[in-house]
1. Rounding to the nearest 20 debye, state how big the charge dipole of the stretch 105-236 is about its Cα centre with +1 on each Lys and Arg Cβ and -1 on each Asp and Glu Cβ.
2. Among the DSSP beta bridges whose two residues both lie in the chain, what percent are antiparallel, rounded to the nearest 5?
3. Accessible area, 1.4 Å probe, largest first: how do 316, 398 sort?
4. To the nearest 20 debye, what is the magnitude of the charge dipole of the chain about its Cα centre, counting +1 on the Cβ of each Lys and Arg and -1 on the Cβ of each Asp and Glu?
5. Could you check the spin-label model distance between residue 278 and residue 74? Points 7 Å from the Cα along Cα→Cβ, value in nm.
6. Tell me whether the stretch 261-308 comes out rounded, prolate or oblate; compute the Cα gyration tensor, take square roots of the eigenvalues as a ≥ b ≥ c, and use a/c under 1.5 as the rounded threshold.
7. Calculate log10 I(q)/I(0) of the chain for q = 0.06, 0.12, 0.13 Å⁻¹, where I(q) comes from the Debye formula with a single equal point scatterer on each Cα and nothing for solvent.
8. For the stretch 126-152 and the stretch 245-286, what is the separation of their Cα centres, given in Å?
Amino acid sequence: MHDVTQKLLDHVVKVDPHQPEFIQAVTSFLASIDNLVDDLPQIVYHKVLDRLVEPERVIMFRVPWIDDDGQLQINRGYRIQMNSAIGPYKGGLRLHPSVNLSILKFLAFEQTFKNSLTGLAMGGGKGGSDFNPKGKSDNEVMRFCQSFMTELSRHIGEDTDVPAGDIGVGGREIGYLYGQYRRMNNKSVGILTGKGPSFGGSYIRPEATGYGLVYLSAAILESKGKSFEGKTCLVSGSGNVAQYTVEKLLHMGAKVATLSDSSGVLIDESGIDEKKLAYVKTLKNVRRGRIAEYAQQFKEAVYIPHNGSEDSNPLWEVKADYAFPCATQNEINLKDAQHLVANGVQLVGEGANMPSTLEADAFFKESGILHVPGKASNAGGVAVSGLEMAQNSQRLQWTPQQVDQQLQQIMKNIFVSINSAAEKYSTKDNYVDGANIAGFLKVSEAMIAQGYV
Ligand code: GLU
């Protein structure tokens, strides 16, 4: 590693030793930027990297709410306003018991470069709470969201910071959060994205992350003379990103063999078709059930309990052509990566944020597999959030076809920019470096132009 990047990494480890996910994200990013340091001395002169690893602002707050038994519950809320050099802070809210400062800082850091890659004017942010929506009633979720927004409201704004969904935050939560903001401020403005289409939401926003992942992967495969037709794909997760990844893979003629949730893995070698996907959508989005139920409904499927504590994940042992981790960070470790490569998987497209550990990343690089990092491949979600902001500013609503067309164009543009950055500054097909570098260059230019802020 270059002296400059090594020193900075040592500093990050020294000041935040208890933030392993943030350190991981910074390590991976700096490894890609290493090659640029000597060629672009202005980055060092203006201390761009040093500024990037320090959030512009971190907001932490108490979230008191009353449960259905009338008991007061307290959770911790956060908003990381990471970088606003290219536009208002933008990024999701995550509700999950694992949420802490390390996880949100890593997500906000990644978001900064992801948003830059979309070509839209959005800075990086992230937020959420350690509140666990699992098993909570609709009314409990509503009371939590109202309390969360009561504090968050003073920190956000359509030109300041525009949150959206992430794990544990979908249409239901965004609706409750938006309602509370509107009531408190007596204003109907686009302060959140992922809203319902009846109150300013964009069509295709729920589909966008999964669809975008498949569009970008298709562009990469096409450049290699390959396609999805007749290919077997592995998808992990079963939430919004996984569901619409499966949907678009089916549109493209692929076969999908797996899904999962935090309790286990579902393997359906006969293929998850449209009908089974519709079952999954109702199971997860309406009944809020567990993926284990799928195997009771469709007897050809196998369910394997797995909670992540095991040393490898059986989902990544299924023989396939392409793999799409759409669950959460660090879901693919070195062993999993070895299984994927040994089984002949040729492309790993990340629907989740940072789903591969540093060791898995290094193994993918060594093996020469096509590896598309989340900050590029899952950027379709936030890209359509950007389009939702544009529609809100115009007080217009575009048709699903108009939005989908723009999403496809944005994903094609991302392919061109990560591909050419890889060729120019790193090695051909190294999309990890390509995404980090292409995302970084725009943010860096904006930061230098605006002086020391
Ligand atoms: N949470 C999503 C992401 O990781 C979407 C954020 C947004 O739409 O603002 O990019």
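The values are calculated or read from the model by the stated rules, or taken from the named source; none is laboratory data. This is a predicted model, so every value here is computed, not measured. Virtual Cβ from ideal backbone geometry, glycine too; neighbours counted across all protein chains shown. We work out accessible area using only protein heavy atoms, side chains counted, and drop any ligands, DNA or RNA first. Shrake-Rupley method; radii C 1.70, N 1.55, O 1.52, S 1.80 Å.
1. Its charge dipole is roughly 100 debye.
2. Approximately 55 percent, going by the DSSP bridge assignments.
3. From most exposed to least exposed: 398, 316.
4. Dipole about the Cα centre, nearest 20: 1260 debye.
5. It works out to 4.9 nm between the two label points.
6. oblate
7. These q points yield log10 I(q)/I(0) values of -0.23, -1.01, -1.20.
8. Cα centroid to Cα centroid, the span is 28 Å.
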